[in-house]
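Student: Would you mind keeping the following structure in view while I ask a few things?
Rule-based calculations on the coordinates, nothing more; no lab input. No experiment lies behind these values; they were computed from the predicted model shown. Quick reminder, even Gly has a Cβ in these numbers, built from the backbone with ideal geometry, and neighbours come from all protein chains shown.
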Amino acid sequence: MDIKSLYKRYSLNTYNRQGPVFVKGKGSWLEDSKGVRYLDLFPGWGVSILGHCHRRLAKVIGDQASKLIHLPNNLFSCQQAILAKKISQLSFRSKVFFANSGAEGVEAAIKFSRLWRPGCNQIIVMQNSFHGRTLGALSATGQKKHKKHFKPLLGGFKEARFNDFDHFKSKVSAKTSAVILELIQGEGGVNVADKNYVKKVAEFCQANKILLIIDEVQTGMGRTGKMFCYQHYNLKPDILVLSKGLGAGVPVSAIVVKKRIADIIKPGMHASTFGGSPFVTRVAGEVFDIIKEEDLLSNVRKQGKYLKRSLLKLKDKFSLIKRVRGMALMQAIECSCPTAPIFKTALKKKLIINSTHENVLRIMPALNVKKAEIDQGIAILEDIFRAIKKNKKCR
Ligand SMILES: *Cc1c(COP(=O)(O)O)cnc(C)c1O
């Protein structure tokens, strides 16, 4: 069966798919239909944080699938309550709503912010941000290219420059109810928020009763060396959105709401048919346990440092690399040429990374990535950059 022609004929053409057809995965490795192995240093766009098919996770998936998969949210199950408690204890005094994707998490956060100070419905968002593709989340996204075909969007969003407190303040009005912030902009090119900027924004929000919504769909779940990235910043979000790594491959998102705001949300105000099923919440609970019991946060810090050092060494060798930036296992290199061809060449050399924002290569390995795997990836990148330098061409 020719899978690619099936895609061409039957699958909506919303993605630029490349490379072979993959059939299996284990840890940081994928295997294609011919048995060729690929090193995956960008597993699932930040989703597969335990690598592919973690043995313990697969076992729990099987076990829960044979016990109870789905239950509507007008009934009680154990797993959802236990996961909500776990998330609350690991973050701040809060209550949790479960949905199925990052965008849905952002949508819920936007709705909840409407209840905060009725009549105030303006939300500050950042230039270059990314919050998802549904219309509300898209309206909150500060990138024209994603929005241009889909007007009219939801009103009430004002864009501020990232890492510019004065600009942020100039966008605030009496009607401002919330700000939505990624502490490291992922799709926007891995831009890390300054500590001082975040401190000022957080203090300003608190003083002016503006909700601070932190979108940790990409940075959460240990990616930056702490369970949540906001913990590097000495702040407490009012609303925290988690998704990508939360289920390590199973679709689930969590909207974590500070008690004070949680108290104003009443039955019927929001819902999700699939949200927080016994199946996904059991899996997400296990993800937290695995992160803890395998001491993955230490590995993230250690390998993150090593990855950064290795990328900086590459930068010293190739003037094509302008900057290396990121935190722990969320790293990027900004190049002086388009990076889509580099992504393509890497794929041909059996390495999976990501190209974003025209000239940025993003590397976000599984939290249990090994030093030897980072070395293998860097060696392939070095080959590619050497060839570009020699041919003075990006492909
Ligand atoms: C990926 C992402 C989203 C959207 O998540 P989906 O599951 O694709 O809807 C939202 N916010 C951030 C920061 C993301 O990285």
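Student: Could you give the radius of gyration (one decimal) and Dmax (whole number) of the Cα atoms in the stretch 148-274, in Å?
Tutor: 15.5, 42
Student: What shape does the stretch 124-180 take by its C-alpha gyration tensor, where a ≥ b ≥ c are the square roots of the eigenvalues and a/c under 1.5 counts as rounded, a/b above b/c as prolate, and the rest as oblate? Display every interim value, and only then the final one.
Tutor: Details: a/c = 2.33, a/b = 1.58, b/c = 1.47.
Prolate is the answer for the stretch 124-180, as a/c is 1.5 or above and a/b outweighs b/c.
Student: Let me ask something else about it. Please work out whether the stretch 237-282 counts as rounded, prolate or oblate from its C-alpha gyration tensor, where a ≥ b ≥ c are the square roots of the eigenvalues and a/c under 1.5 means rounded, while otherwise a/b larger than b/c means prolate and anything else oblate? Don't skip to the answer; put the middle values down first.
Tutor: Values: a/c = 2.93, a/b = 1.48, b/c = 1.98.
Because a/c hits 1.5 or more and a/b fails to exceed b/c, the stretch 237-282 counts as oblate.
Student: Taking a ≥ b ≥ c as the square roots of the Cα gyration tensor eigenvalues, with a/c under 1.5 meaning rounded and otherwise prolate when a/b beats b/c, else oblate, which class fits the stretch 197-271? Please list the in-between numbers first.
Tutor: Numbers: a/c = 2.86, a/b = 1.08, b/c = 2.65.
Taking the square roots of the gyration eigenvalues as a ≥ b ≥ c, the stretch 197-271 is oblate.
Student: What is the P(r) of the stretch 155-196, as percent of Cα-Cα pairs per 10 Å bin from 0?
Tutor: 25, 53, 21, 1
Student: What is the log10 of I(q)/I(0) for the chain, computed with the Debye formula using one identical point scatterer on each Cα and no solvent, at q = 0.06, 0.08, 0.09, 0.10 Å⁻¹?
Tutor: Cα-only, vacuum Debye calculation for the chain: -0.24, -0.43, -0.54, -0.68.
Student: For a distance above 20 Å, tell me the whole-number percent of Cα pairs in the stretch 61-213 that qualify. Could the numbers behind the result be given before it?
Tutor: Working: 6585 of 11628 pairs.
So the portion of pairs separated by more than 20 Å is 57 percent.
Student: For the stretch 218-353, what is the Kirkwood estimate of the hydrodynamic radius, computed as the reciprocal of the mean inverse distance between distinct Cα atoms, to one decimal in Å?
Tutor: On the way: mean 1/r = 0.0562 Å⁻¹.
Result for the stretch 218-353, one decimal place: 17.8 Å.
Student: If you project the alpha carbons of the stretch 90-141 onto the principal axes, what extent comes out on each, in Å, largest first?
Tutor: On the principal axes, the stretch 90-141 reaches 30, 28, 17 Å in Cα extent.
Student: Return the long-range amide H neighbours of residue 24 (sequence gap of 5 or more, or a different chain), with a cut-off of under 5 Å between placed amide H atoms.
Tutor: 31
Student: Let me ask something else. So what's the back-of-envelope 222 nm ellipticity for the chain, counting only DSSP H runs of four-plus at -39500 (n - 2.57) apiece and dividing by all residues, rounded to 500?
Tutor: Details: 13 runs with 148 residues, N = 395.
When only DSSP H runs of four or more count, the value is -11500 deg cm²/dmol.
Student: Rounded to the nearest angstrom and ordered from largest down, what semi-axes does the equivalent ellipsoid of the stretch 1-98 get from its C-alpha gyration tensor (root of 5λ)?
Tutor: Numbers: eigenvalues 232, 65, 49 Å².
Values for the stretch 1-98, descending: 34, 18, 16 Å.
Student: At most 10 other Cβ atoms within 10 Å and a DSSP loop assignment: could you name the chymotrypsin sites (Phe, Trp or Tyr not before Pro) in the stretch 74-146 that fit? Provide the component values of the computation, followed by the final result.
Tutor: Working: sites: 76, 92, 97, 98, 112, 116, 130; in loops: 76, 92, 116, 130.
Here the sparse-neighbourhood loop sites are 76.
Student: Could you tell me what % of all Cα pairs in the stretch 60-110 have separations over 18 Å? Can you show the working numbers first?
Tutor: Values: 604 of 1275 pairs.
Tail of P(r) above 18 Å: 47 percent of Cα pairs.
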